[in-house]
Amino acid sequence: MSPATPAPSDRQATPANPVHPAHPSRAARPGIGREALAAKGWWRTHRLLLARRGSQLGILLLFLVGPWFGSWIVKGNLASSLTLGVLPLTDPYVFLQSLLAGQRPHRAALVGAAIVTAFYLLVGGRVYCSWVCPVNPITDLAAWLRQRWGIRASARVSRRLRHAVLAMTGGVALLTGSIAWELVNPVSMLHRGLIFGMGAAWAVLLAVFLFDLFVLQRGWCGHLCPVGAFYGLLGRASVLRVAATRRQACHDCADCYAVCPEPLVIKPALKAVNGAGPVITAPECTNCGRCIDICSKDVFEYGSRWRRAEAPRQIPIAPLTPSPNRATTSERT
């Protein structure tokens, strides 16, 4: 007798290990987030994503209300700024390049770099990428369209290439005596463009978008951007982390892999690879929180780097006792 044919389903059963970390593009499939929407509703499935967009837009507007409306809350840009005429903030990556270029730092720049460094040591360096950078929504849109349109083809490039680009920007600063990277940095070009006219910034931003969409999945942020590489190194020992504290509840839907911009960081914490704890300690993690939003089982949450996994719930079972009406074997003999 032939086995019965399984009933059709609108979503095929997921194997026990549905996504190999080396091939995150396999997660591009319909139905991502469907379980979370059914279990938690639309708001809880998108709240951190909406908070990130609000943060990115709000920070950008703080820099623009001065040039646009004459209300100078913040002067400068993300490279160096002065808030309310009192608080200096300096991008430590730009500050380091200025030192390599042989420039003598001003006291305000030194204080600003120390403040920003301390902040990212606390919350995670790549929080800059997911909560501050105005280019991130562009690359996120490209990633969403890749999934929506089922684009699976992607060039194979090592994610370590961004560290080579990072070293190159430092070398250029050392050789030229200038912060040359800022001339072509898409973030800086966007800031200048919104104030003085976009010009070539349109072409650069469009190139980043099309590169991520058609050439390399998460190509700019995940493989090339030296800013993300720098902040990843800066936040290597940061306190705030995402943790799979309820990883025993995972049922292998793989939605977290599908939405994560750095899917390689998830598996060690989620599956306790080589005895790993539940905290995602990889410096590449952006603390974006998409895995928190998208998980229908609430496996992930924010916490400290010392967070431990929750112990599996134990169901108490009363010990079996012989019935008083039934004689034991010794009594019968």
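Assorted remarks:
- About the Cα centre, charge dipole magnitude for region 143-291 (Lys/Arg +1, Asp/Glu -1 at Cβ), debye: 380 debye
- Net charge of Cβ neighbours under 11 Å - reference K271; Lys, Arg +1; Asp, Glu -1: +1
- For region 179-286, the share of accessible area belonging to carbon and sulfur comes to 70 percent (1.4 Å probe, ligands and nucleic acids excluded).
- Cross-link partners of K297 among lysines (Cα-Cα below 19 Å; sequence separation of 8 or more within a chain): K40, K267, K271
- Taking each residue as 0.36 nm, the span from V111 to L264 lengthens on full extension beyond its C-alpha to C-alpha distance by 51.6 nm.
- Between L57 and L240, the contour length at 0.36 nm per residue exceeds the alpha carbon distance by 63.6 nm.
- For region 72-173, a simple Cβ point-charge model (Lys and Arg +1, Asp and Glu -1, everything else neutral) yields a dipole of about 420 debye relative to the Cα centre.
The values are calculated or read from the model by the stated rules, or taken from the named source; none is laboratory data. The structure presented is a predicted model; accordingly, all values stated were derived computationally and were not measured. Heads up, the Cβs are rebuilt from the backbone with ideal geometry, glycines too, and the neighbour counts pull from every protein chain shown. Heavy atoms of the whole protein, side chains included, go into the accessibility calculation; ligands, DNA and RNA do not. Shrake-Rupley method; radii C 1.70, N 1.55, O 1.52, S 1.80 Å.
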